[in-house]
Amino acid sequence: MLRLTFACIFLVVGLPASAASLPADVQTYVTEREACDHFRGEEPYDAERAKEISAALDRYCRGTDARLNGLKKKYRNAPAAIREVLNGFEYPIE
């Protein structure tokens, strides 16, 4: 159920229009981080939903701060569009 929910979210929201021009590792990070940010804002209205949210936070949010730092270092001299995408994420979240 959680995977179906996640898939539906990204079919509607999708990646930014410029995502095709982003390196694959940045595209992957953006997708996972957007999932993380989505679930960070969810309310656990019952015990089952709380478990789903907790699992999603563990899956999509764990390690994102370190990954973001690594990508920022890797792409510090990259075109501005890539740096802007990476700099657009809230930090730290863990």
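Just so you know, all these numbers are worked out from the coordinates, no wet-lab data involved. Just so we're clear, the structure is a prediction, and the values are computed from it rather than from any experiment. FYI the Cβ positions are ideal-geometry reconstructions off the backbone, even for glycines, and counts take in every protein chain you see.
Annotations for the structure displayed:
- Loop-located chymotrypsin sites (Phe, Trp or Tyr not before Pro) in the range 14-94 (DSSP state not H, G, I, E or B) with no more than 14 neighbouring Cβ atoms inside 10 Å: Tyr45.
- The GluC sites (Glu not before Pro) found in the range 25-68 that occupy coil by DSSP, while having at most 16 further C-beta atoms within 10 Å, are Glu42.
- Förster-model FRET efficiency, 30 Å R0, Ala24 and Ser54, C-beta, rounded to 0.05: 0.55
- Neighbour cut-off at most 15 other Cβ (10 Å), DSSP loop, trypsin sites (Lys or Arg not before Pro), the range 33-94: Arg62, Arg76
- Other residues within the sphere of radius under 14 Å centred on the Cβ of Leu71, judged by their own Cβ, net out at +3 (K and R +1, D and E -1).
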